[in-house]
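For reference, the structure is listed below as structure tokens.
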Amino acid sequence: MIEKIKEYLRLGRLFNAEILSLIFVLSYLLTAKLHTIQNDYRIIFTLFLAGIFAHVWGCYNNDRLDLTIDKNASYCIDKPLVSGKIKQRHARIIENTALLIFIFLVLYSSYISNSQTTSIFISPRIISTIFFLFCAISLAYLYNRFNKSNIFINITGQMYATFAVLIGMSIVTDYNIIVFLSAILIGLNGVYLNIIEADLKDIKGDIVNVPKSLGVRFIGEKAVNLFKFYILNETIKTISFLLVLLILFLEKVEIIFYFFAFGFYCINVVFRIFMFKNLSANREKMKRFIAVQELSSILFICTIYMIVNPLLIVVIPLFIVLWLSIWNMVLWNTFFRPQV
């Protein structure tokens with residue numbers, strides 16, 4: 001029974017569900033800070049839960065729609081749907097339930113916030129929340145449905161993270177330029193992580209994806225013809241760096257914040273260089289390079305949230321590492337999970 005429950009949790013990828021939850025919560029906290037609104041801990045808790053259920057829905061939906069392709073990929077043999085440990089109809093029930101709970105929790109958060117400032121049931125904020133919610137769900141579904149056959153969706157689908165930020169913003173206000181730019185930044189980071197991880201992992205299984213379209217190939221385990229792919233990734237990171245500087249300028253932060261941003265960006269550059277020099281078809285060898293690149297990216301992006309609380313630069317990465325480690329131990333009895 002316990003092992004069966006673990007299979008359902010593995011399918012929902014609970015080991016990294018906290019990332020989406022933090023996007024909702026941090027965007028709410030940032031918007032509240034910018035508008036001098038007192039934080040409501042009910043909203044923070046509800047948004048965090050909403051992120052968990054949104055993540056579960058996305059993962060169940062992704063694995064169900066990718067099932068045909070995953071069956072032909074050797075590294076997917078242990079996935080719950082591929083192995084048959086979880087039936088498709090059961091997965092679909094959980095998938096739809098998670099989606100409905102996610103929608104309810106977001107709308108409930110919006111209702112709590114709206115009722116504190118106005119007696120009008122439908123306000124511009126609630127309309128914004130509904131619109132951003134629709135966009136986030138639609139983009140995530142389109143990505144899951146078409147990312148292996150449509151290069152445009154493969155690239156833009158991860159921008160659902162942009163609308164996740166805007167959902168958190170809309171709990172407080174219908175628009176804020178700083179949070180809007182933060183939303184673009186988070187979306188671009190999602191695109192970057194997708195083409196680094198998912199696309200490279202699926203380079204043989206995908207009908208079309210970014211590295212393949214740019215000529216990346218593997219000779220044995222070694223990746224070759226990386227120049228165009230490297231330039232694309234560095235372009236995304238450069239734009240992200242400029243966005244962070246612009247956001248910090250608009251936040252009117254002290255000079256020390258810029259030093260933090262520049263320092264973490266430089267660290268991320270170093271890790272990216274090592275990652276690209278060691279790109280391999282062997283995902284187990286790649287894990288440590290991708291992990292440190294992801295963590296340094298998180299530290300870099302966290303600089304825009306330091307006006308909420310300077311300690312977030314330490315608390316958020318630590319929380320992510322602890323969450324990941326604990327869930328890996330619960331589900332696989334190891335700090336480094338197998339390929340999923």
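The values are calculated or read from the model by the stated rules, or taken from the named source; none is laboratory data. From a predicted model like this one, the values you see are computed outputs, not experimental measurements. Every residue, glycine among them, receives a Cβ derived from its backbone with ideal geometry; neighbour counts consider all protein chains shown.
Residues in the stretch 257-280 that are among the aliphatic types (A, V, I, L, M), assigned to a helix (DSSP H, G or I) and within 20 Å of residue 229 (Cβ to Cβ): 269, 270, 273, 275.
The criterion of at least 1 residues that are over 22 Å from residue 18 (Cα atoms), touching a helix residue (DSSP H, G or I) at 6+ places or on another chain (Cβ under 9 Å) and not aliphatic (A, V, I, L, M) is met, among helices (runs of 4 or more DSSP H) falling completely within the stretch 128-240, by 151-156, 210-213. Among residues of the stretch 223-269 being more than 19 Å from residue 308 (Cα to Cα) and β-branched (Val, Ile, Thr), the one that is modelled with the lowest pLDDT is 224.
Taking the stretch 23-44 as the range and being among the hydroxyl-bearing types (Ser, Thr, Tyr), surrounded by fewer than 17 Cβ atoms within 10 Å (Cβ to Cβ) and part of a helix (DSSP H, G or I) as the test, only 41 passes.
Taking (1) part of a loop (DSSP other than H, G, I, E, B); (2) within 23 Å of residue 76 (Cβ to Cβ) in turn, residue 330 satisfies each apart from (1). Number of residues in the stretch 79-103 that are touching a residue at least 40 places away in the same chain (Cβ under 8 Å) and either more than 23 Å from residue 52 (Cα to Cα) or among the basic types (Lys, Arg) (or both) equals 2.
With the condition kept exactly as written, say whether any residue in the stretch 168-181 is of a type in the set (S, T, N, Q), farther than 21 Å from residue 54 by Cβ and over 21 Å from the mean Cα position of the chain (by Cα). Yes; the residues of the stretch 168-181 include at least one that is of a type in the set (S, T, N, Q), farther than 21 Å from residue 54 by Cβ and over 21 Å from the mean Cα position of the chain (by Cα). Of all residues in the stretch 1-22, those satisfying the criterion of being farther than 26 Å from residue 165 by Cα, without any contact (Cβ under 8 Å) to a residue 60 or more places away in the chain and either in contact with a strand residue (DSSP E or B) (Cβ under 7 Å, 6 or more places away or on another chain) or part of a helix (DSSP H, G or I) (or both) are 2, 3, 5.
One residue stands out in the stretch 177-190 among those that are of a type in the set (Val, Ile, Thr) and surrounded by fewer than 22 Cβ atoms within 10 Å (Cβ to Cβ): the one that is nearest to residue 238 (Cα to Cα), namely 184. Is it fair to say residue 216 is over 30 Å from residue 74 (Cα atoms) and either within 18 Å of the chain's Cα centre (by Cα) or of a type in the set (A, V, I, L, M, F, W, C) (or both)? So residue 216 does not fit the description; no.
Any residue at all in the stretch 205-214 that's surrounded by fewer than 21 Cβ atoms within 10 Å (Cβ to Cβ) and without any contact (Cβ under 8 Å) to a residue 12 or more places away in the chain? No, the stretch 205-214 has no match at all. Screening the stretch 45-68 for residues that are closer than 23 Å to residue 154 by Cβ and aliphatic (A, V, I, L, M) and picking the one that is surrounded by the fewest Cβ atoms within 10 Å (Cβ to Cβ) gives 67. For the stretch 86-99, taking the residues that are more than 20 Å from the chain's Cα centre (by Cα) and of a type in the set (A, V, I, L, M, F, W, C), the one that is nearest to residue 5 (Cα to Cα) is identified as 86. Within the set 307, 301, 316, the sole residue that is under 28 Å from residue 211 (Cα atoms), in contact with a helix residue (DSSP H, G or I) (Cβ under 9 Å, 6 or more places away or on another chain) and either crowded, with 17+ Cβ neighbours inside 10 Å or at pLDDT 95 or above (or both) turns out to be 301. Here are some conditions: (1) over 15 Å from the mean Cα position of the chain (by Cα); (2) at pLDDT below 95; (3) more than 30 Å from residue 220 (Cβ to Cβ). Residue 149 meets all but one. Which one does it not meet? All conditions pass for residue 149, except number (3).
If the condition is being touching a residue at least 40 places away in the same chain (Cβ under 8 Å) and polar (S, T, N, Q), then the stretch 310-333 contributes only 328. Could you grab me the full set of residues in the stretch 281-308 that are in contact (Cβ under 8 Å) with a residue 60 or more places away in the chain and either in a loop (DSSP other than H, G, I, E, B) or touching an Asp or Glu at 6+ places or on another chain (Cβ under 8 Å) (or both)? Answer for the stretch 281-308, where residues must be in contact (Cβ under 8 Å) with a residue 60 or more places away in the chain and either in a loop (DSSP other than H, G, I, E, B) or touching an Asp or Glu at 6+ places or on another chain (Cβ under 8 Å) (or both): 281, 282, 285, 290, 304, 307, 308.
Among the residues of the stretch 23-78, just one is in contact (Cβ under 8 Å) with a residue 40 or more places away in the chain, farther than 24 Å from residue 105 by Cα and polar (S, T, N, Q), namely 72.
Scanning the stretch 283-298 for residues that are modelled with pLDDT of 85 or more and small (Gly, Ala, Ser) turns up 296, 297.
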